[in-house]
Amino acid sequence: MNRVFAIAANTFRESVRDKILFSLIILGFLLIAASKIFVPISIGQAEKIIKDFGVGLIEIFGLFIVVLIGTRILYHEIERKTIYSIITKPVKDWEFVTGKFFGLYYLVITVQVILFAIFFLFCRLYLGSFDWFLLNTLYFYLFEFLLLDAVAVFLSCFTTPITAGILTLLVFFIGHLTHYLRELVLVLKLENLKGLMSFLYFILPNFSVFNVKASVVYHHQISINTYLLAISYSILYSMILLIISSVLYAKREYQ
Amino acid sequence: MNVIEIKNLLKIYKSPFMRRESIGVNNLVLEVYKGEIFGLLGPNGAGKTTTLKIITGLLKPTSGKVTLFGGVSPKEARERIGFLPENPVFYQHLTGMELLKFYGSLYGKSHRREELLKRLQSVGLKESIDKRLSGYSKGMVQRIGIAQALIGDPDLLVLDEPLSGLDPIGRKEMKDLIQEVNKEGKTVLFSSHILSDVEAICNRVGIIIEGRMKKTGYLSEILKSDIHYTDIEIEGIKEIEWLKRYGGIKREERIVYLRTRDEKKRDEVIKEVIGRGGRIISCVPYRESLEEHFMKTVNE
């Protein structure tokens, strides 16, 4: 595990020193602060709008990092040829892939936690208090992005960064919708689409498992099963993707 | 025990979408002995880098057998190999010390600062340990490249064009470093275009042309058989006509210059000059240089 940790720490450090982390945090701060402009048109719903906007924005930032950085993370090593001096050392393919995966994940977690802290300060300053129930979204985001990170790494094993980025975005949005679309197909009895929807539902990651935003904003109770499902689904699915990614990576040659 | 043993190696590059194929190396045979410095020579595209990449496990052979350290596959031998790629690129965001620490950790153990410092010192980078690699010159990058290749204390050092792009001072330092490392007992395999440098530091060389190993052998053997001529400077001989039967002559005041192409005649003339009371000022055999030999092999 030493090697995985070393590769992950180096990946994270590269993002920090390239000022990616800093730029993202500044941008996040500005956007959270910009939610104030919605207040005059909110007709007494200022608190709800700020909450919605804040948690939504933090999720978009997570997506932004995974799509823009995550899909390049392996490609970049090959393109620059920095991988030559890593893969010729006693590093196993799965250690390299998992190290890069965790490096990106550290970055996502750090940005999410810092943005939540900024959001907390903003709520305290502007609304006078912070709704601690909102922290539930952070828990679900952490597992949502663990899975999306694995999707991005998996796709980047056999496609270019642009294709992997587009596919990751599609998987994210379709994965949020398959649950509803499958229900819709069943209710409307669309027999032609039933097979396709079931295929998408079972094959693609089901990101609706992590979607508790409405429950959090409206203070609906979240069952313990929902928490457990999110963590177990995310870890299991990510592990499967990482295993496949490592197998794909092991077949790679470096011309 | 051979450190590297390659038999009938074939590498075909296939384009994934087109039906185009190109041959990287073809029926290549190579043996590298323990403790030697082996120089791999060849023109651009001859297959040198392909061979080195197969030895380090970056490429897989299409067919043939590659074994290291008496029977281990390249992937299994990684713990014992240090590799410097051609035109190496390392993480620009790290300092020299951080880079070495990172590569050291890939061997599953943490290196003490003193150990890393010693390694950096050995490659002449002690003054730049806290400087980021983005500020390193080409020569410094090559040196940190050698340091990272040595960090796991490998038995075999594989260097792809370690002298390219270096100025004469940088090349001299790199050659000294390779020889020092070799004195520590490490086997060195390196490729180069710079034949004079290969000639200066290698025990054995191999010449690859169009993916095939055309010639391998000790430098002394390869070049010994090809003595072109010997120039002899003679003093104290009045009569010089008899010298003509040994080769071409030229007189400049008291000194006679003789060029002979025959080693037997060379020995005879030396004896006769001394017998006639003359003196040999110098006797210089002109061998074929590695460059000339290389060009001849390329054109064969």
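The values are calculated or read from the model by the stated rules, or taken from the named source; none is laboratory data. Nothing here was measured: the structure is a model prediction, and the numbers come from that model. Here the Cβ is made from the backbone with ideal geometry for all residues, glycine too, and neighbour counts use every protein chain on show. Protein only, heavy atoms only, side chains kept; ligands, DNA and RNA dropped before computing areas. Shrake-Rupley method; radii C 1.70, N 1.55, O 1.52, S 1.80 Å.
What a 1.4 Å probe finds exposed on the range B:228-287 is 48% carbon and sulfur by accessible area, rounded to a whole percent.
Taking B:Leu290, B:Leu94, B:Leu41 as the candidate residues, the one with maximal mean-square fluctuation in a Gaussian network model of chain B, Cα springs under 10 Å, is B:Leu94.
Here the calculated FRET efficiency for A:Ile26 and B:Glu36, from their Cβ-Cβ distance with R0 = 45 Å, stands at 0.20, rounded to the nearest 0.05. Computed with every protein chain present, the accessible area of A:Lys89 is close to 0 Å² [probe 1.4 Å].
The ellipsoid equivalent to the alpha-carbon distribution of the protein assembly as shown has semi-axes of 68, 26, 18 angstrom, derived from the gyration tensor eigenvalues as √(5λ) and listed largest first. For the range A:145-255, would you read off the P(r) tail past 25 Å as a percentage of all alpha carbon pairs? Distances greater than 25 Å cover 33 percent of the Cα pairs. Computed from the C-beta positions of B:Glu291 and A:Leu169, the FRET efficiency with R₀ = 51 Å rounds to 0.35. The chymotrypsin sites (Phe, Trp or Tyr not before Pro) found in the range A:154-255 that occupy coil by DSSP, while having at most 14 further C-beta atoms within 10 Å, are A:Phe158, A:Tyr218.
Going by the alpha-carbon gyration tensor, a ≥ b ≥ c the square roots of its eigenvalues, is the range A:194-249 rounded (a/c under 1.5) or, if a/c is not under 1.5, prolate (a/b greater than b/c) versus oblate? It comes out oblate by the Cα gyration axes. Computed on the Cα atoms alone, the convex hull of chain B gives a volume of 186 cubic angstrom per residue.
Between A:Glu144, A:Glu14, A:Glu95, the residue with the greatest mean-square fluctuation in the GNM of chain A (Cα pairs under 10 Å linked by springs) is A:Glu14.
Work out the FRET efficiency for B:Ser15 and B:Glu272 from their Cβ-Cβ distance, taking R0 = 51 Å, and round it to the nearest 0.05. According to the calculation, E is roughly 0.15. A dipole drawn for the range B:128-223 from +1 and -1 charges on Cβ atoms has a positive end, and of B:Ser164, B:Ile201, B:Ala149 the residue lying farthest that way is B:Ser164. Across all C-alpha atoms in the range B:228-287, the radius of gyration and Dmax reach 10.2, 30 Å. Taking 17 Å as the cut-off, the amide N atoms of the range A:198-231 that come nearer than this to a point 7 Å along the Cα-to-beta-carbon line of A:Ile244 belong to A:198-207. Excluding B:Glu272 itself, what net charge comes from residues whose Cβ is under 12 Å from its Cβ, given Lys and Arg +1 and Asp and Glu -1? Taking every other residue near B:Glu272 into account, the sum is +2. Against the empirical 2.2 N^0.38 Å (N residues), the range B:100-161 has a Cα radius of gyration ratio of 1.08. Membrane-span-like helices in chain A, defined purely by DSSP H runs whose alpha carbon atoms cover 18 Å or more axially and whose average Kyte-Doolittle hydropathy reaches 1.0, are A:20-34, A:46-65, A:93-126, A:135-156, A:161-187, A:224-250.
In this Cβ point-charge picture (+1 for Lys and Arg, -1 for Asp and Glu), chain A has a dipole of about 340 debye about its Cα centre. Its Cα centre serving as origin, the range B:157-300 has a Cβ charge dipole (Lys and Arg +1, Asp and Glu -1) of approximately 640 debye. Note on the protein assembly as shown: dipole from Cβ charges, positive end direction compared against A:Leu200, A:Ile7, B:His93; the farthest Cα belongs to A:Leu200. Counting Cβ atoms of other protein chains within 10 Å of each residue's Cβ and taking the mean over peptide A:159-169 gives 0. Under 1.5 on a/c is rounded, so check that first for the range A:171-220, then, if it is not, pick prolate when a/b is larger than b/c and oblate when it is not; a ≥ b ≥ c are the square roots of the alpha carbon gyration tensor eigenvalues. Note, shape of the range A:171-220 comes out oblate. Take the Cα of B:Ile240, go 7 Å toward its beta carbon, and the backbone nitrogen atoms of the range B:263-280 under 14 Å from that spot belong to B:279. When the protein assembly as shown is described by a simple charge dipole with +1 on each Lys and Arg Cβ and -1 on each Asp and Glu Cβ, the residue from B:Ser73, A:Thr163, A:Tyr218 located farthest towards its positive end is B:Ser73.
Between A:Gln45 and B:Arg259, the distance separating the two model label sites (each 7 Å from Cα on the Cα→Cβ line) works out to 10.0 nm.
Net charge in the neighbourhood of A:Ala152 (other residues with Cβ under 15 Å of its Cβ; Lys, Arg +1, Asp, Glu -1) is -1. Inter-chain Cβ neighbour count for B:81-94, averaged per residue, equals 5 (cutoff 10 Å, partner chain atoms only).
Peptide B:98-107 is shielded by partner chain Cβ atoms: per residue, an average of 5 of them sit within 10 Å of its Cβ. Looking at chain A, the pairs of alpha carbons with a distance over 28 Å make up 40% of the total. Shown here for the range B:104-174: trypsin sites (Lys or Arg not before Pro) in loop regions (DSSP other than H, G, I, E, B) with at most 11 other Cβ atoms within 10 Å, namely B:Lys109, B:Arg112.
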